[in-house]
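Bear in mind that the values in this text are calculations on the coordinates, not laboratory data. In this text the structure is predicted, and so the values were computed from the model without any measurement. Cβ: placed from backbone, ideal geometry, glycine included. Neighbour counts: every protein chain shown.
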Amino acid sequence: MAAFHSRASIRASRRCGIIRNMRTELEIRRQDQVKHGRRLEYFTILYNCLEGLISISAGIIAGSVSLIGFGIDSVIEVTSGAALLWRLNHDRNPQRREWAERATLRVVGACFLALSIYVLYESGSMLLRREAPDQSVPGIVLAAVSVIVMPYLAKAKRKVAATIDSAAMRADSRQTDFCAYLSAILLGGLSLNALFGWWWADPVAALVMVPIIVNEGINSFRGKGCSDDCGCH
């Protein structure tokens with residue numbers, strides 16, 4: 001009887017050891033993805049600082065509302081990246097992690113709504129004044145580069161988000177997708193103005209951004225991450 005209990009104890013101990021090893025492996029894998037997520041956010045911050053500086057400067061010189069709006073979106077991306085870094089630094093603490101995610105989503109949402117108000121006002125004013133922006137080659141080049149870079153960055157963020165099950169990271173990847181959409185819209189508007197002199201293409205391109213910005217802003221401000229059916233996978 002004692003031998004039976006001894007064997008049962010050994011088997012139970014082995015099972016506990018296997019479970020502990022599995023948990024350790026999962027935690028190591030999670031922390032590796034968290035580190036990768038931090039690297040992605042550092043890249044996001046550096047890239048968007050440069051993008052914002054070039055875009056706002058070129059927009060002021062050319063009198064382009066969509067370029068300036070694109071630059072402000074870069075500032076929002078920097079804010080989001082910094083918030084995500086803060087959130088990832090709290091990943092080991094589940095309670096702090098959830099609080100950080102909710103706070104991050106609301107901050108980003110508020111920034112989106114502020115951006116939508118700015119773009120709507122400035123674009124509407126430009127159309128009413130029939131004010132034509134100057135051609136901006138730096139703006140066209142910047143938009144073309146971002147159209148290429150942003151989708152790859154968004155995909156990498158989604159992979160990390162899926163691994164660590166982070167709603168905030170998914171929302172941040174959605175914001176990066178949104179940056180790619182803005183880049184494409186901006187590229188189209190600036191190119192039409194440069195090639196055909198369609199001055200109205202720039203403010204109209206900026207206005208096209210507004211419904212997308214508002215939708216993302218409301219969802220983020222309410223603390224809603226990118227859901228499973230939002231097309232972010």
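List of remarks:
- Note on C49, C111, C179: ascending count of other Cβ atoms within 10 Å places them as C49, C111, C179, the fewest first.
- Each of Y181, Y42 was scored by other Cβ atoms within 10 Å of its Cβ. Arranged with the fewest first, they read Y42, Y181.
- Relative contact order %, the stretch 108-223, counting alpha carbon pairs below 8 Å whose residues are six or more apart: 45 percent
- Its residues counted as N, the stretch 33-221 yields a C-alpha radius of gyration over 2.2 N^0.38 Å of 1.04.
- Cβ-to-Cβ counts within 10 Å put F43, F70, F221 in ascending order as F43, F221, F70, the fewest first.
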